[in-house]
């Protein structure tokens, strides 16, 4: 009986360790995954969304835009302008694939050739982070910054109702 319990616990621990991370649209957790924001001025904010290794760069950028839209509406504004936008790969490792090496040599008693093949079995562990600096405003959207000014309610309406990354 004790042996079965120990085996069950070992299997459960192994499966937990192999669990795929899931990025959800929530405030940043203890690992930094999720959104964070900071007010700079009365209508200027920094917005950051950090995904886990399951989130694509596009999904992380869309979550950052969604958070910017929420902040805009919380400020009783109707639109926001993206002043700066950066997306980065943070932490982790990237699988390097397969490598092949060939060498040769000769000496007084003959020569030889060696071939080596290496396989990187490390799983990809890269994650993306999107940073926005936004300015919020009300009334008609200003001219001259096409593609960088968003209607906050439209962003909310078109963002997925699902708050997790699609796999």
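Some observations on this one:
- Residues 128, 25 in ascending order of nearby Cβ atoms (within 10 Å, fewest first): 25, 128.
- Pairwise FRET efficiency - residue 89 versus residue 42, Cβ, R0 = 22 Å, nearest 0.05: 0.10
- Cβ-based exposure ranking for 52, 74, in which fewest neighbours within 10 Å come first: 74, 52
- Most to least packed among 53-60, 143-150 [average Cβ atoms within 10 Å]: 53-60, 143-150
- For segment 19-78: rounded, prolate or oblate by the Cα gyration tensor [a/c cutoff 1.5]: prolate
- Counted residue by residue at 0.36 nm each, then reduced by the alpha carbon distance between them, the extension gain from residue 125 to residue 26 reaches 33.6 nm.
Read-outs: derived from the displayed coordinates by stated rules, not from any lab. Fair warning: this is a prediction, and the values are worked out from it, not measured in the lab. Reconstructed Cβ throughout: ideal geometry from the backbone, glycine too, with neighbour counts over all protein chains shown.
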